[in-house]
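One structure is given below, encoded as structure tokens.
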Amino acid sequence: MRKDWDSYFLDIASQVASRSTCPRRSVGAVIVKDRRIKGTGYNGSAAGLPHCIDEGCLIVNDHCVRTIHAEVNALLECTPDVRNGATIYISDRPCAECSKLIISSGIKRVVFGRDYRIDFDWFLLAPWVEIIHLTAED
């Protein structure tokens with residue numbers, strides 16, 4: 001049976017995650033508009049700075065702060081016009097900071113795979129953004 005579009009692009013986000021340079025969590029993101037990939041991102045260090053896999057993680061408050069999150073890297077690849085009304089596919093539920101950036105960027109749909117514990121769901125304050133948790137059974 002042929003995969004639906006959401007499953008297809010979420011699978012691609014999982015493949016993008018394989019480029020991650022932080023061993024604590026590999027995350028991938030793909031921005032899609034009109035069924036065309038417009039940008040991708042994975043969690044890794046800022047350009048020119050050492051990666052976790054080379055120097056180790058830089059942990060502050062139990063989080064690695066050396067890396068830029070996959071969602072941010074994907075958003076940086078796209079112009080505001082491209083982001084507006086697009087869908088972002090993420091291998092994992094976005095954290096609070098990434099959620100706020102996604103809301104502000106004009107993304108209209110968020111499809112994620114693995115769930116991740118969050119303290120507050122910012123998307124509750126942005127009902128214009130559709131959130132879909134696509135599990136392996138879906």
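The values are calculated or read from the model by the stated rules, or taken from the named source; none is laboratory data. All of these numbers come straight from a predicted model, not from anything done at the bench. No Cβ is skipped: glycine too gets one built from the backbone with ideal geometry, and neighbour counts run over all protein chains shown. Quick note on the areas: whole protein, heavy atoms, side chains included, nothing else; ligands and nucleic acids left out. Shrake-Rupley method; radii C 1.70, N 1.55, O 1.52, S 1.80 Å.
From the list LYS108, LYS100, exactly one residue is open to solvent by 10 Å² or more (accessible area, probe 1.4 Å) and either closer than 19 Å to GLN15 by Cβ or under 13 Å from the mean Cα position of the chain (by Cα) (or both). Which is it?
Being open to solvent by 10 Å² or more (accessible area, probe 1.4 Å) and either closer than 19 Å to GLN15 by Cβ or under 13 Å from the mean Cα position of the chain (by Cα) (or both) holds for just one of LYS108, LYS100, which is LYS100.
Give me the pairs: first residue in the stretch 67-96 and touching a residue at least 60 places away in the same chain (Cβ under 8 Å), second residue acidic (Asp, Glu) and buried (at least 24 other Cβ atoms within 10 Å of the Cβ), beta-carbon distance under 8 Å, and six or more apart or on different chains, which are they?
Close Cβ pairs satisfying both conditions: ILE90/GLU71.
Scan the stretch 25-66 for residues that are in contact (Cβ under 8 Å) with a residue 40 or more places away in the chain and either open to solvent by 70 Å² or more (accessible area, probe 1.4 Å) or farther than 22 Å from ASP115 by Cβ (or both) and jot them down.
Once the filter is applied, which keeps residues that are in contact (Cβ under 8 Å) with a residue 40 or more places away in the chain and either open to solvent by 70 Å² or more (accessible area, probe 1.4 Å) or farther than 22 Å from ASP115 by Cβ (or both), the stretch 25-66 yields ARG25, LYS33, LYS38, GLY39, ARG66.
Does ALA29 satisfy the criteria of being within 17 Å of ILE132 (Cα to Cα), in contact with a His (Cβ under 9 Å, 6 or more places away or on another chain) and not in a loop (DSSP other than H, G, I, E, B)?
yes
Return the residues of the stretch 1-32 that are modelled with pLDDT under 95 and farther than 17 Å from ILE53 by Cα; say none if nothing qualifies.
Within the stretch 1-32, MET1, ARG2, LYS3 qualify.
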